[in-house]
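Participant: Shown below is the structure under consideration.
The values are calculated or read from the model by the stated rules, or taken from the named source; none is laboratory data. The structure presented is a predicted model; accordingly, all values stated were derived computationally and were not measured. Here the Cβ positions follow ideal geometry from the backbone for every residue, glycine too, while neighbour counts run over all protein chains shown.
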């Protein structure tokens, strides 16, 4: 009997959301639509600029958002990460626990330093642009992972952002090896186009070790496979993972299960914020799989959840939205 349904490994970042415009991003020298790593002085500068417009904050990071979403659908979850003994780190740990996610951390035993922050800038087209100061999560290593949480889980979920640092890449490889040798299934997400742009070799090395489930969006899929259509990309990605899903934004998703490809119809939504949409899709998808649904059914569930998420600001579904998904 597994103690957890899903165990995640990823960065620990407190998301701080602000509204902005394309012109303002340009004036600030920020490239729209992707994640950019920045240093502490730059983060202080940006927070000073947007300080009076902070919309909300929440425990975030690609894998954290997915694990929290899966927990909201009743799954037993655990999250491995690295946070510091500061107000931001205390907030992160409390937010995980409040959302039903197991954590290896106690507020009384955290290392000194600064917890990571992700400034999420939302433009009127609902796109999200992120500037990230990793802080102590940049030092994530194998030592930060509770390996028993992996062996006691049905699925391990790893985010693509871990490809960016030497230590976190080693941690991702070690976690996946632990999973494979203890019959825990491995799921992986590309996380962001910037990871494919700059770390495709590491992604390919990670995937070549063998995974069970792959998540990515259409832009990431096309760039990684050097193709021009989702169908062709899915066929090539199936060489790395027999099962997977490519999200297509407002056009739905393409899912494959090792035998067939399924086009998942989009669900119309009045999008105001796409931050976390892919993470939410993956979390709902995993929850459906863990409930023994088919890949096609999981794709529909993921699209339903993501279509709800984008109708409000923030990377998580509200309790009311989760209930509405069950009822409808």
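Participant: Within segment 14-39, can you find the residues that are assigned to a loop (DSSP other than H, G, I, E, B), surrounded by fewer than 13 Cβ atoms within 10 Å (Cβ to Cβ) and without any contact (Cβ under 8 Å) to a residue 24 or more places away in the chain?
Facilitator: Result: 29, single match.
Participant: Being farther than 30 Å from residue 307 by Cβ and surrounded by 21 or more Cβ atoms within 10 Å (Cβ to Cβ) is the filter here, so list the residues in segment 66-87 that pass it.
Facilitator: 82, 83, 84
Participant: Identify, please: which residue in segment 205-222 is farther than 20 Å from residue 282 by Cα and in contact with a helix residue (DSSP H, G or I) (Cβ under 9 Å, 6 or more places away or on another chain) and is, among those, modelled with the highest pLDDT?
Facilitator: Within segment 205-222, the match that is modelled with the highest pLDDT is 205.
Participant: Can you tell me which residues in segment 195-217 are touching a strand residue (DSSP E or B) at 6+ places or on another chain (Cβ under 6 Å) and surrounded by fewer than 21 Cβ atoms within 10 Å (Cβ to Cβ)?
Facilitator: Listed by number, the list holds a single entry, 212.
Participant: Identify, from the list 306, 288, the residue that is in contact with a strand residue (DSSP E or B) (Cβ under 8 Å, 6 or more places away or on another chain) and outside any loop (DSSP other than H, G, I, E, B).
Facilitator: 306
This table checks each residue for (1) within 21 Å of residue 62 (Cα to Cα); (2) modelled with pLDDT under 95; (3) assigned to a loop (DSSP other than H, G, I, E, B).
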{"residue": "227", "(1), (2), (3)": "no, no, yes"}
{"residue": "232", "(1), (2), (3)": "no, no, no"}
{"residue": "245", "(1), (2), (3)": "yes, no, no"}
{"residue": "250", "(1), (2), (3)": "yes, yes, no"}
{"residue": "255", "(1), (2), (3)": "yes, no, no"}
{"residue": "266", "(1), (2), (3)": "no, yes, yes"}
{"residue": "271", "(1), (2), (3)": "yes, yes, yes"}
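Participant: Criterion first (out of contact with any strand residue (DSSP E or B) (no Cβ under 6 Å at 6 or more places or on another chain) and over 23 Å from residue 173 (Cα atoms)) does residue 15 satisfy it? Let's see the steps before the verdict.
Facilitator: Numbers: out of contact with any strand residue (DSSP E or B) (no Cβ under 6 Å at 6 or more places or on another chain): no; over 23 Å from residue 173 (Cα atoms): yes.
No, not satisfied.
Participant: Here is a follow-up. Which residues, taken from segment 165-188, are in contact (Cβ under 8 Å) with a residue 24 or more places away in the chain, surrounded by fewer than 22 Cβ atoms within 10 Å (Cβ to Cβ) and closer than 19 Å to residue 132 by Cβ?
Facilitator: 165, 167, 169
Participant: Which count do you get for residues in segment 44-71 that are closer than 23 Å to residue 107 by Cβ and part of a helix (DSSP H, G or I)?
Facilitator: Residues in segment 44-71 being closer than 23 Å to residue 107 by Cβ and part of a helix (DSSP H, G or I): 6 in total.
Participant: Step by step: first the residues of segment 40-49, then only those that are surrounded by fewer than 19 Cβ atoms within 10 Å (Cβ to Cβ) and within 24 Å of residue 65 (Cβ to Cβ), then the one that is modelled with the highest pLDDT. Which residue is that?
Facilitator: By that ranking, first place goes to 42.
Participant: Among the numbered criteria (1) closer than 22 Å to residue 283 by Cβ; (2) touching a residue at least 40 places away in the same chain (Cβ under 8 Å); (3) buried (at least 24 other Cβ atoms within 10 Å of the Cβ), which one does residue 154 miss?
Facilitator: For residue 154, the failing item is (3).
Participant: May I ask you to verify whether residue 191 is surrounded by 21 or more Cβ atoms within 10 Å (Cβ to Cβ) and either free of Cβ contacts under 8 Å to residues at least 24 places away in the same chain or assigned to a loop (DSSP other than H, G, I, E, B) (or both)?
Facilitator: yes
Participant: OK, next. Would you please name the residue that is farthest from residue 2 (Cα to Cα), looking only at residues in segment 307-328 that are surrounded by 24 or more Cβ atoms within 10 Å (Cβ to Cβ) and over 13 Å from the mean Cα position of the chain (by Cα)?
Facilitator: The qualifying residue farthest from residue 2 (Cα to Cα) is 309.
Participant: While we're on this one: Pairs under 6 Å by beta carbon, first residue without any contact (Cβ under 8 Å) to a residue 60 or more places away in the chain in segment 221-233, partner outside any helix (DSSP H, G or I), six or more apart or different chains?
Facilitator: 221/246; 230/246; 230/254; 233/227
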